[in-house]
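Colleague: Provided herewith is a single structure, encoded as structure tokens, for subsequent inquiry.
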Amino acid sequence: MGVTLSTIADPLGTKLVIDTDADSTAEGNVTGAAGSFYAVEIDNTANQAATYVKFADATSATPGTTNPSWQFYAPASTKLTYVLGTGIAFTPGLSVWAVTSPAALTASSAASATSPTSDVSVKVLST
């Protein structure tokens, strides 16, 4: 499993979740509890196509079936950070996955559950 959960001392967030190989297999309850997330960093530099990182306000998720609560776009060959100001609350947990389509739930779109070609790294600052 390519997910690391670290506790950090920071007034904005106390946990740093690092998924070094985000793909169409959802990582469930990555924070271990309810909380808020304040920043999402996506490293999509290894891919020649866009990637969509999706989060579900749930302890587990199934890409292509679970409706994401939030999604973040990473253009091809880029690394970027989304800063979420006052944060976004989630309960009971936070699940994350990365796919090649912005479609939330589309039976006719296989890309709604298709992994990026190469590894995508996702970091989440949360409480």
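Colleague: Of the conditions (1) aliphatic (A, V, I, L, M); (2) at pLDDT below 95; (3) closer than 19 Å to VAL3 by Cβ, VAL30 fails just one. Which one is it?
Modeller: Evaluating VAL30 over (1) aliphatic (A, V, I, L, M); (2) at pLDDT below 95; (3) closer than 19 Å to VAL3 by Cβ leaves (2) as the failure.
Colleague: While we're here: Tell me, which residue of segment 83-97 that is surrounded by fewer than 12 Cβ atoms within 10 Å (Cβ to Cβ) and not in a loop (DSSP other than H, G, I, E, B) is modelled with the lowest pLDDT?
Modeller: GLY85
Colleague: Another question about this same structure. Scanning for something touching a strand residue (DSSP E or B) at 6+ places or on another chain (Cβ under 9 Å), among the basic types (Lys, Arg) and either part of a loop (DSSP other than H, G, I, E, B) or surrounded by fewer than 19 Cβ atoms within 10 Å (Cβ to Cβ) (or both), does segment 41-54 turn up at least one residue?
Modeller: no
Colleague: Okay, next question. Among what's in segment 62-74 and is in a loop (DSSP other than H, G, I, E, B) and small (Gly, Ala, Ser), pick the residue that is modelled with the highest pLDDT.
Modeller: So the first thing to find is which residues in segment 62-74 are in a loop (DSSP other than H, G, I, E, B), and the list is 62-69.
Among the residues that remain, those that are also small (Gly, Ala, Ser) are: 64, 69.
Numbers: GLY64: 83, SER69: 94.
Residue satisfying both the conditions and the ranking: SER69.
Colleague: Further, regarding this structure: Which residue, of SER121, SER101, is farther than 17 Å from SER36 by Cβ, at pLDDT 95 or above and surrounded by 14 or more Cβ atoms within 10 Å (Cβ to Cβ)?
Modeller: On the way: SER101 fails: at pLDDT 95 or above.
On inspection, the qualifying residue turns out to be SER121.
Colleague: Residue by residue through segment 58-71, note down the ones that are crowded, with 18+ Cβ neighbours inside 10 Å and under 20 Å from GLY13 (Cα atoms).
Modeller: Answer for segment 58-71, where residues must be crowded, with 18+ Cβ neighbours inside 10 Å and under 20 Å from GLY13 (Cα atoms): just ALA58.
Colleague: Take the residues in segment 20-43 that are out of contact with any Phe, Trp or Tyr (no Cβ under 9 Å at 6 or more places or on another chain) and among the charged types (D, E, K, R), then tell me which one is farthest from SER112 (Cα to Cα).
Modeller: Only one residue tops the list, namely ASP43.
Colleague: Let me ask something else. Restricting the search to segment 8-17, which residues are surrounded by 10 or more Cβ atoms within 10 Å (Cβ to Cβ) and modelled with pLDDT under 80?
Modeller: Once the filter is applied, which keeps residues that are surrounded by 10 or more Cβ atoms within 10 Å (Cβ to Cβ) and modelled with pLDDT under 80, segment 8-17 yields ILE8, ASP10, LEU12.
Colleague: Separate question: Name, by its number, the condition in (1) over 22 Å from THR117 (Cα atoms); (2) among the β-branched types (Val, Ile, Thr); (3) assigned to a loop (DSSP other than H, G, I, E, B); (4) touching a residue at least 40 places away in the same chain (Cβ under 8 Å) that does not hold for THR59.
Modeller: (4)
The values are calculated or read from the model by the stated rules, or taken from the named source; none is laboratory data. These figures come from a predicted structure and were not determined experimentally. Backbone-built Cβ (ideal geometry, glycine too); neighbour counts: all protein chains shown.
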